[in-house]
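A short worksheet on the structure shown next.
The values are calculated or read from the model by the stated rules, or taken from the named source; none is laboratory data. Note that the structure is a prediction, hence the values are computed from the model and not measured. With ideal geometry, Cβ positions are generated from the backbone for all residues, glycine too; neighbour counts draw on all protein chains shown. Just the protein is used for accessible areas: all its heavy atoms, side chains included, with ligands, DNA and RNA removed. Shrake-Rupley method; radii C 1.70, N 1.55, O 1.52, S 1.80 Å.
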Amino acid sequence: MQISYSKNEEKFRDKVRLWLKENVSDEIKDQTLGGSSLDTELMVKWHKKLYQKGWVAPEIDKKWGGSGFSQTENFIFGYEYARSGAPRLKTKLIAIGMLTPLLLQFGTKEQQERFIPDMISGEIQWAQGYSEPDAGSDLANLSTEAVLDGDDFIVNGQKIWTSMADYAHWMFMLVRTDTSGKKQQGISFLLVDLKSPGITIRPTEALTDHEPFCEVFFDNVRVPKENLVGKINEGWNIAKVLLEHERLNAFPVGEVIAALEIVVKNAEKINFRGKPLLEDPVFRRKLAVLDVDCKAFLYTFFRILSKLQSGSAPGPETSFLKAYGAELYQRVMDLSIEVMGPYGQSWYNLKEYGNPVHQATMGWVNARSLTIWGGASEIQRTIIATQVLKLPRK
Amino acid sequence: MDLEITREHLMLQDSARDFIKKEHSFDRLRELKKEPPLKYSRKVWKKMAKLDWLGLIYPEEYNGAQMDLSYAMALLEEFGRGMLPEPWISTVLLGGNLILSGGSKEQKKNFLPKIASGKLLMTLAYLEDGGRYDPNFCAAGAKKSGENFSISGKKIFVLDGSGADKIVVSARTSGAVDDREGITLFIIDKNADGLKIRPVKTMDGRNAASIDLNEVMVSEGDIIGEVDHGYNLMCDVIDQATAGLCAEMIGGMKATLNLTVRHLSDRIQFGKHLGSFQALQHKSADMLINQELAISAVYYAMASMVEKSDERVSAVSIAKAKCSHAYIENTKIAIQLFGAFGFTNEADIGFFFKRAKVAEILFGDCDYHYDRYLTLNRPLS
Ligand SMILES: Cc1cc2nc3c(=O)[nH]c(=O)nc-3n(C[C@H](O)[C@H](O)[C@H](O)COP(=O)(O)OP(=O)(O)OC[C@H]3O[C@@H](n4cnc5c(N)ncnc54)[C@H](O)[C@@H]3O)c2cc1C
């Protein structure tokens, strides 16, 4: 047991910190701090810059264009990255966090070579086609079907809530290839070019008044057989492994802590009864609770990291990282909007009131989705109860 | 002791429900959202006047229906349930009510019939930067100049401020920035020289305004009540509006729970209705508990308002603290139980979620009212 980093790790941290300090521009920070995403043009520019530095995919091998960091380095990097105000890459969660490790584990050599480098360079953006109208939490209930016809699958059905489908070039998706046995047994994992004929994409407006996700309709869409990942009807296992990656990557602890730091900065500037709010005892007490909870969350990451370093895989424990991280982030955003006082009711008055107010209100609304996607909090708790605590299911 | 509402209240609520069914829908809200800056319609407002709702609490001699505040609250509960966005609280319970409670005969004659007939919209501007929710924090100053006063300063988040014809503004005529004495209430016309009204959007899709006053000239005839002594009058009226808002909030909570129960009864996952999962049953039960406690606090506040009991200020703070907490909490749970659909603008539940946030903040959030409650009931010696 040891709490300090080694000399080398410290050096590494300083190097990362310095580079980010020099390269994350004020323009970027202005948009990102508080948890919202960057406008597209800036994002593309930033992705290029980070790619040139070799830091787009920290945990992926250098041979693919990744950084080849160790687990600890990866953690340090993620933490420093989030705290610096650098934007979360559009490819981060779906393409690099989920699909890349999955292709490395289950994909063919051809699939790896064809897709991974372009994903990391940012050339090709990906969407995740899991959910359907009748298959949300009950993912195995999905019914979008793929039928083999010569060298192609023919896909018919509908996906829903597909993030970035209107922006992405490709989508990985779960399809039903067999209806005879148990639901989980007839599912396959396909890679689909979103420009294929027969695909219709319709954006859905969220509570943020943005359109972060879409409905995607498939009408006799032909998908070449070689775009199947793993074996036919064995997609469920792949899907589950992927969800564990999603959960582990969903809440970089640095982002939660960075969000709390922004709350503190705002509380310094806002006056309440003649003093900065930061000096108000009621506010301080609330801040202390969140600060302590963030620290305990951070130490939990340290513990899991230690486990990963000794070679164990992430398991059902990732469920509590996801559930707790999402709820902690929501509580931070609750405080962030509370700090604003009457300004907390503002909506899209960016010119009038500036970024901190805008970020707090948008971030607060957006935070509600965190306990829904990537396995809702209720589902995570069921996983903890049944798989970690082994409580009886019936 | 009687904390139930009467048959007359229920009849008023029935007619409000019919009206809302006929004149209003969530799709109307989606349309109104696109129309800057007003997020309600003067046409619907006129129809409300025909039903005597705009003069509901004003005396008959000013064309009012002469009902007490409990009827206003009964009506507002329905507005909250149906999400009616018309500016009833700002015009009837703030602007007009200030005149009713503290205005001269002349002012009452001038303004109240016009409000009752739907011709005049009013509001109150009292919040300032640096004062958070405190009505005594007032840096905007009114300087005597001859027979008139010249007002300069800035007010923020003026409720429905970008559509109001007249704005009552609190301004300091003496004392330090947070003194209770020395505040005077002035009626200012929306077209007054030196007044700049900047519309701002609020999360619930309605409007507010920031207003800048730059040597706005007001005559003595446009003062409500006495010079330097506007504070108590203003607070009493804000408390009545707060109680009204609380009634709106319980209407919103009831609708939220209804929508949620319906969703849990309709949606099937894992081969079962969502409502059959115990985790979700318990969450909806929590919503009911939150709601019922809030209702009790609101009814108590209502009764103490109507009786003008000494407890009323404290009772309003209890009600608003409970509602501020319960409404937002319940809508958060509702969104969660709706899943991704709850996170879209296609679902009606989102309107309640965003209204709950604005309502939580209006007239002071939980902390403001906890603090006010303690200061009243357990003062430090
Ligand atoms: C912002 C956002 C982005 C998304 N992006 C994507 C994406 O890119 N790709 C994709 O495939 N999907 C995406 N999703 C969809 C997401 O995966 C689903 O919302 C999630 O799986 C929940 O499904 P649902 O929305 O149908 O809710 P439901 O499954 O209907 O659940 C509703 C509520 O019931 C609860 N519940 C359900 N079953 C049980 C049970 N057995 N016991 C207790 N409680 C239960 C849930 O926890 C939830 O609170 C996204 C969602 C959001 C909000």
Restricting attention to segment B:272-292, does a residue exist that is surrounded by 15 or more Cβ atoms within 10 Å (Cβ to Cβ), among the polar types (S, T, N, Q) and either under 22 Å from residue B:133 (Cβ atoms) or away from the ligand (no atom under 16 Å from the Cβ) (or both)?
yes
Specify the residue that is nearest to the other protein chains (Cβ to nearest Cβ); the eligible residues are those in segment A:295-353 that are part of a loop (DSSP other than H, G, I, E, B) and open to solvent by 30 Å² or more (accessible area, probe 1.4 Å).
A:348
Among the residues of segment B:126-151, which ones are among the polar types (S, T, N, Q) and within 14 Å of chain A (Cβ to nearest Cβ)?
B:136
Specify which of the listed residues (A:363, A:374, A:354, A:315) is in contact with an Asp or Glu (Cβ under 6 Å, 6 or more places away or on another chain) and either within 15 Å of the ligand (Cβ to nearest atom) or assigned by TED's automatic domain parsing to the domain that holds residue A:270 (or both).
A:374
Is it the case that residue B:227 is more than 16 Å from the ligand (Cβ to nearest atom), surrounded by fewer than 22 Cβ atoms within 10 Å (Cβ to Cβ) and touching a residue at least 40 places away in the same chain (Cβ under 8 Å)?
yes
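Residue by residue, here is whether (1) of a type in the set (Ser, Thr, Tyr); (2) within 27 Å of residue B:347 (Cβ to Cβ); (3) in contact with a strand residue (DSSP E or B) (Cβ under 7 Å, 6 or more places away or on another chain) holds:
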{"residue": "B:38", "(1), (2), (3)": "no, yes, yes"}
{"residue": "B:53", "(1), (2), (3)": "no, no, no"}
{"residue": "B:66", "(1), (2), (3)": "no, no, no"}
{"residue": "B:72", "(1), (2), (3)": "no, no, no"}
{"residue": "B:79", "(1), (2), (3)": "no, yes, no"}
Which listed residue is away from the ligand (no atom under 16 Å from the Cβ), more than 14 Å from chain B (Cβ to nearest Cβ), open to solvent by less than 10 Å² (accessible area, probe 1.4 Å) and of a type in the set (S, T, N, Q), from A:227, A:237, A:233:
A:227
Taking segment B:1-57 only, how many residues are touching a Gly at 6+ places or on another chain (Cβ under 7 Å) and aromatic (Phe, Trp, Tyr)?
1
Limited to segment A:15-54, what total is found for residues that are open to solvent by less than 80 Å² (accessible area, probe 1.4 Å) and either in a helix (DSSP H, G or I) or without any contact (Cβ under 8 Å) to a residue 12 or more places away in the chain (or both)?
17
Within segment B:324-344, identify whether any single residue is outside any helix (DSSP H, G or I), hydrophobic (A, V, I, L, M, F, W, C), open to solvent by 20 Å² or more (accessible area, probe 1.4 Å) and within 16 Å of the ligand (Cβ to nearest atom), and answer yes or no.
no
Those residues of segment B:141-161 which are open to solvent by less than 30 Å² (accessible area, probe 1.4 Å) and more than 18 Å from residue B:127 (Cβ to Cβ) amount to B:149, B:150
Condition test on residue A:193, is it open to solvent by 60 Å² or more (accessible area, probe 1.4 Å), in contact (Cβ under 8 Å) with a residue 24 or more places away in the chain and among the acidic types (Asp, Glu)?
no
Taking into account only those residues within segment B:162-179 that are within 14 Å of chain A (Cβ to nearest Cβ) and touching a residue at least 40 places away in the same chain (Cβ under 8 Å), which is surrounded by the most Cβ atoms within 10 Å (Cβ to Cβ)?
B:162
Residue count, segment A:137-173 (criterion: of a type in the set (Gly, Ala, Ser), over 13 Å from residue A:95 (Cα atoms), open to solvent by 30 Å² or more (accessible area, probe 1.4 Å) and within 12 Å of the ligand (Cβ to nearest atom)):
1
If we scan segment A:122-135, do we find a residue that is open to solvent by 40 Å² or more (accessible area, probe 1.4 Å) and either within 11 Å of the ligand (Cβ to nearest atom) or within 19 Å of residue A:247 (Cβ to Cβ) (or both)?
yes
Could you list all residues from segment A:384-394 that are touching a helix residue (DSSP H, G or I) at 6+ places or on another chain (Cβ under 9 Å), within 16 Å of the ligand (Cβ to nearest atom) and farther than 25 Å from residue A:332 by Cα?
A:387, A:391, A:392, A:393
Would you check which residues across segment B:212-246 are acidic (Asp, Glu) and under 23 Å from residue B:72 (Cα atoms) and list them?
B:236, B:239
In this structure, is residue B:213 under 24 Å from residue B:99 (Cα atoms) and either of a type in the set (S, T, N, Q) or surrounded by 22 or more Cβ atoms within 10 Å (Cβ to Cβ) (or both)?
yes
With respect to residue B:314, is the statement that it is more than 30 Å from residue A:203 (Cβ to Cβ), more than 10 Å from the ligand (Cβ to nearest atom) and surrounded by fewer than 21 Cβ atoms within 10 Å (Cβ to Cβ) true?
yes
Among residues of segment B:325-352 being free of Cβ contacts under 8 Å to residues at least 60 places away in the same chain and under 17 Å from the mean Cα position of the chain (by Cα), the residue nearest to the other protein chains (Cβ to nearest Cβ) is B:328
